[in-house]
Every structure is written in structure tokens, then in C-alpha cells.
Amino acid sequence: MALNLNQLRVFRAVLECNSITEAARILRISQPAASKQLADLEASLGVPLVERRSRGVRLTAAGEVLSRHTWRLFQEEEAAERALQALLGLELGQLAVGASTTIGNYIVPGLFGELHRSHPNVTLELEIGNTARIREQLIEGRVDLGLTEGLIASGSPQLEALNVEVFTHDEMVLVIAPSHPLASEVGSIGARALERLPFIVRERGSGTRDVVEDALARRQITIQPVMSLGSTEAVKSAVAAGLGAAFVSRLTLDLELSSGLLRVLELEDFPLRRALSLLTLEGKPPSPAATEFLRLLRERYPK
């Protein structure tokens with residue numbers, strides 16, 4: 001047998017009102033329509049549910065059993081409606097953002113802070129990884145939004161699954177230790193001089209590495225990596241220790257520049273900017289929490 005929810009609504013109203021006529025009025029249907037819905041429910045179950053009396057109705061044994069389940073059923077329905085309403089009002093919900101290293105460390109925490117202050121019951125989760133991994137997590141459905149610093153190769157099959165939108169740009173700068181021989185140079189150096197420097201680079205798959213290698217290749221400049229490290233913080237520490245030069249995001253350098261741990265070495269005719277991109281899954285509408293996060297992101301980084 002299959003229970004019909006419309007018929008159960010009539011049954012519940014009859015229980016609440018102790019009257020088919022009054023139940024019909026509350027449900028805004030005619031009394032004959034309410035009687036038919038109740039009769040059809042009894043016919044589908046094969047048992048009478050109520051005894052019709054001149055002064056109301058009385059439940060049969062079968063009606064008593066069904067009434068207990070009916071109350072629970074509609075309590076669950078009401079709870080679902082309340083939960084969805086709370087979600088739409090951002091009284092609760094969750095948001096998982098995947099971000100490559102620089103964005104995850106220096107941009108997302110501030111946005112999460114704003115979102116948490118206005119909607120403290122929304123659960124926020126940040127996954128930090130290299131650009132390639134963030135794209136994978138978004139496609140796998142493990143994060144709701146992706147924010148990356150890297151390039152997506154033209155013709156990549158991932159482009160078919162993703163929407164890619166540049167939300168701002170970041171400047172990449174060359175850093176050296178204050179003890180480096182070039183630290184005493186006044187002015188800037190030519191880009192070709194990079195070929196004589198030992199370099200600290202990020203791991204393969206890193207957005208930073210992809211952008212730097214692409215820019216160097218277009219200038220036909222070949223650098224000499226002496227080590228590959230898995231985070232920007234590790235790269236900066238290696239540079240500060242005098243192990244080589246590196247390209248890093250200017251977003252990451254406030255502490256090192258103010259404390260004198262690192263120095264920016266200006267390059268002639270070699271501006272290096274990279275796009276910071278928002279990735280979303282094609283055909284997947286953003287949740288209310290994701291919509292609010294995107295509003296904050298675009299407010300902070302207007303086009």
C-alpha cells in the first residue's frame with residue numbers, strides 16, 4: 001500500500017478538529033472533498049480509520065495506530081521546513097573552500113572572519129593545497145568553491161567541468177637575503193641576470209611555480225633551481241638563510257620586509273603579475289553560505 005500525503009493531511013486535520021466539516025474549513029476545501037479524501041485513504045488501507053458520529057468522530061484501533069505515525073511524519077516535515085528556512089537565512093549551514101597556499105593563508109581567513117561575525121552558526125572549512133589539488137577537490141565535490149593562483153592549461157578537460165573567473169591580480173616579486181651579494185646593488189637588475197642565480201622554487205603543481213615558469217619561458221630565460229619546497233613559508237625561510245633567490249607573492253611579505261629578513265630585488269622590464277581565480281563547478285548553484293562568501297570576496301576585490 002502507498003500512503004497519500006494529501007489524504008494524510010485531511011486525516012490529521014480531522015483528528016485535530018474532531019470534525020470533518022471543520023477540517024474541510026481549515027484546509028479550505030469543501031466538506032464532500034474532505035470526506036472523499038478520508039474515504040479514499042480508508043479504502044487504500046482496507047480498514048476504517050474513524051467512526052462518524054453525530055457529534056464528531058472517534059478513532060478506530062487502526063486509526064489510533066495511524067495517528068501516532070501521522071503525527072511523527074508531519075513533525076519531521078515541519079522540522080525539515082524549519083531547517084531549510086534557517087539555512088536560507090544563514091542561521092545555519094556549512095561552507096568548504098579550497099584555496100591554494102597564498103590565497104588560503106593571506107586572503108580567505110579575513111573573509112571567513114567577516115562571514116563568521118555576521119553568521120556565527122555557519123560551519124566554515126578551509127582546505128589548503130596546491131592549485132592542481134584544489135581543482136581535483138572541487139570536481140570531486142569535496143569543496144564548494146576553489147580559489148587558485150595557478151594556470152589551467154588551454155584545452156584541459158577540467159575546463160569543461162569548471163567555471164573560471166579572475167577576481168583580482170597579485171604581484172610576484174624576486175626576494176633575496178640581505179646578505180646576498182646583489183643586496184648592495186642600487187636600482188634594479190636585468191631579467192637575464194636571473195640565469196646566474198640559484199633559485200628556490202615551489203613544488204610541481206604549485207600555482208606560483210606554474211606562473212613563474214610560464215613567464216620565464218615566454219622570455220626564454222632559464223633559471224637554476226637548487227631546491228623545491230612545499231610551501232611559501234619554507235621558500236622564504238630558505239631564502240632568508242642565504243640558499244638562493246625566489247619569486248613569491250607580495251601578499252606574503254609584510255613581516256619579512258618590515259623585520260629586514262628579506263629584500264625585494266627589482267627587475268628591469270619584467271613585471272610579473274598573476275591572476276587569482278575563483279573556480280566553481282559547472283551547473284552547480286551556490287549554497288546560501290557560498291553566495292554570501294562570494295559577495296564578500298567581490299566586495300573586497302571589485303573588478
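Here are some notes:
- By the count of neighbouring beta-carbon atoms within 10 Å, fewest first, T21, T232 end up ordered T21, T232.
- Virtual paramagnetic centre 7 Å along Cα→Cβ of R52, amide N under 11 Å, in segment 5-20: 20
- Translational diffusion coefficient (Stokes-Einstein; Kirkwood radius from C-alpha pairs) of segment 5-88 at 4 °C, 1.567 mPa s, in µm²/s: 97
- Contour excess over end-to-end distance, with Cα ends at V166 and L182 and 0.36 nm allotted per residue: 2.3 nm
- Residue order, fewest to most surrounding Cβ atoms within 10 angstrom, among R117, R142, R209, R202: R117, R142, R209, R202
- L45 versus E76: modelled label distance in nm, points set 7 Å from Cα along the beta carbon direction: 1.7
- For the pair segment 225-293 / segment 107-139, the C-alpha centres are spaced 17 Å from each other.
- Seen against the Cα atoms of the chain and their longest principal axis, helix 31-45 is set at about 80 degrees.
- Using C-alpha pairs under 8 Å with a sequence gap of at least 6, the mean separation divided by the residue count of the chain gives a relative contact order of 20 percent.
- Here the chain yields Rg over Rh of 1.31, to two decimals, using C-alpha coordinates and the Kirkwood radius.
- Working note: 222 nm ellipticity from helices only, DSSP H runs with n ≥ 4, each -39,500 (n - 2.57), summed and divided by the residues of the chain, gives -13500 deg cm²/dmol to the nearest 500.
- A crude spin-label estimate for the pair T21 and E125, with each label 7 Å from Cα along the Cβ direction, gives 5.7 nm.
- Calculated from backbone phi, Karplus (6.51, -1.76, 1.60) coupling profile of segment 198-209 in Hz, x at Gly/Pro: x, 10, 9, 10, 7, 5, 5, x, 6, x, 4, 5
- The modelled label-to-label distance between E233 and T60, using points 7 Å beyond Cα along the C-beta direction, is 7.2 nm.
- Amide H within-cut-off set for N4, under 5 Å, with H built and near neighbours excluded: none
- Note on segment 195-303: dipole from Cβ charges, positive end direction compared against A217, L276, S206; the farthest Cα belongs to L276.
- Nearest 10 degrees, 0 to 90: helix 108-118 Cα axis against the chain principal axis: 30
- Residues with amide H under 5 Å from that of Q94, placed H, sequence gap 5 or more: T123
- The listed peptides 191-198, 261-268, ordered by packing as a protection proxy, come out as 261-268, 191-198 (highest mean of other Cβ atoms within 10 Å first).
- Straight-distance candidates among the lysines for linking to K303, with alpha-carbon spacing under 25 Å and chain neighbours fewer than 8 residues away dropped: K284.
- With neighbour counts taken as other beta-carbon atoms within 10 Å, the residues V57, V47 rank, fewest first, as V47, V57.
Coordinate-derived values only; no laboratory data. Small disclaimer: the values here were computed from a predicted structure and weren't measured. When we count neighbours, we look across all protein chains shown, and the Cβ atoms used for this are built from the backbone with ideal geometry, even at glycine.
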